[in-house]
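In what follows, a structure is listed as structure tokens, so that the remarks can point back to it.
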Amino acid sequence: MGMFSSNGKDVTIRFGERTVIGLTEKVIIKSLDGKEKEVLARSDTGATTSSVDVGLAAELGLGPVIKSKLIKSASGSGMRAVVKAIMVMENQDKECEFNLADRTHMKYRVLIGQNILKDGGFLIDPTKSQID
């Protein structure tokens, strides 16, 4: 069964054990030492790994690089550095892995991939709009 819960203007929709999110969600990205920034992120079920813009990563001091990973994208394949950060979405704090990508030419500085969607127990509802 679905369930709504609210804390002020934020509304969390749950379906069983899973939290329903939209195609875009406001998230807070935090470095492991506490610097943070709220951004609008895009959910992408086709992306195996989540990405964060290199400029945002530098601004927050994300790092150190924990590994490199081969990433296949529309622009080709290549090795990308992977860092850990804390992401807050729908009242859940999760330590997550993000590959670093130049997303300056893209609308969203953070891409939420399968690694976060599965681990966080999220379902995507394309009709759910971001509340301003």
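Readers should treat all values here as calculations from the given coordinates under stated rules, not as data from a laboratory. Worth saying up front: this structure is predicted, and the values here are computed from it rather than measured. As a convention, Cβ positions derive from the backbone with ideal geometry for all residues, glycine included, and neighbour counts pool all protein chains shown.
Considering Cα pairs under 8 angstrom that are at least six residues apart, work out the relative contact order of the range 61-132 and quote it in whole percent.
Values: 72 pairs, mean separation 14.1, N = 72.
20 percent.
Using the C-alpha atoms of the range 23-96, what convex hull volume per residue, in cubic angstrom, is computed?
Working: hull volume 7.3 nm³, N = 74.
About 98 Å³ per residue, rounded to a whole number.
Sort 70-81, 22-33 by the packing proxy (mean of other Cβ within 10 Å over each peptide's residues), most packed first. Could you put the intermediate results ahead of the total?
Details: 70-81: 11.7, 22-33: 16.9.
Answer by packing, highest mean first, reads 22-33, 70-81.
Over the range 11-114, what is the relative contact order in whole percent, taking alpha-carbon pairs under 8 Å and six or more residues apart? Before the final figure, lay out the partial values.
Numbers: 215 pairs, mean separation 35.3, N = 104.
RCO, the range 11-114: 34 percent.
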